[in-house]
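A short write-up of the structure that comes next.
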Amino acid sequence: MNITNEAIDFMKDALVEEEIKSVRICTEAGCCGPTLGLIVAAPEATDDVKDFNGLTFAVANDAEAMAENVTLDVESTEDGVSLVLRGLQQTC
């Protein structure tokens with residue numbers, strides 16, 4: 001998984017008030033099969049853990065293949081700024 005500097009800055013701002021300063025990328029049920037999800041959580045023992053500018057990102061073992069060519073980025077719309085997963089293969 002790739003992570004843009006903008007996404008790192010966005011997550012750092014979002015986690016200012018949180019005790020846990022790590023994001024866990026894992027699989028979750030989607031409408032047509034598994035997809036990637038992001039949660040604020042401590043890494044688990046089997047996760048692939050990386051530090052990006054002081055922010056910990058953990059990729060769950062079962063999400064590694066799906067996250068391999070994905071970039072976590074931010075997107076600005078008229079509704080505000082949000083995180084997006086670019087390159088995520090649609091399951092439907």
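For segment 40-86, give me the residue count where each residue is surrounded by 14 or more Cβ atoms within 10 Å (Cβ to Cβ), small (Gly, Ala, Ser) and assigned to a loop (DSSP other than H, G, I, E, B). Of the residues in that region, 2 qualify.
Picking from residues in segment 14-43 that are in contact with a Phe, Trp or Tyr (Cβ under 9 Å, 6 or more places away or on another chain) and of a type outside the set (A, V, I, L, M), the one that is nearest to Val59 (Cα to Cα) is Arg24. Residues in segment 7-21 that are under 13 Å from the mean Cα position of the chain (by Cα) and farther than 16 Å from Leu38 by Cα: none.
Ala7 - would you say it is modelled with pLDDT of 90 or more, in a loop (DSSP other than H, G, I, E, B) and among the aliphatic types (A, V, I, L, M)? No: the conditions fail for Ala7.
With respect to the stated conditions, Ile8 is of a type in the set (A, V, I, L, M), without any contact (Cβ under 8 Å) to a residue 60 or more places away in the chain and surrounded by 12 or more Cβ atoms within 10 Å (Cβ to Cβ).
Taking segment 17-32 as the range and being exposed (fewer than 11 other Cβ atoms within 10 Å of the Cβ) and either in contact with a helix residue (DSSP H, G or I) (Cβ under 7 Å, 6 or more places away or on another chain) or outside any loop (DSSP other than H, G, I, E, B) (or both) as the test, only Ala29 passes.
The values are calculated or read from the model by the stated rules, or taken from the named source; none is laboratory data. Please read all numbers here as calculations on a predicted model, not as lab measurements. Heads up, the Cβs are rebuilt from the backbone with ideal geometry, glycines too, and the neighbour counts pull from every protein chain shown.
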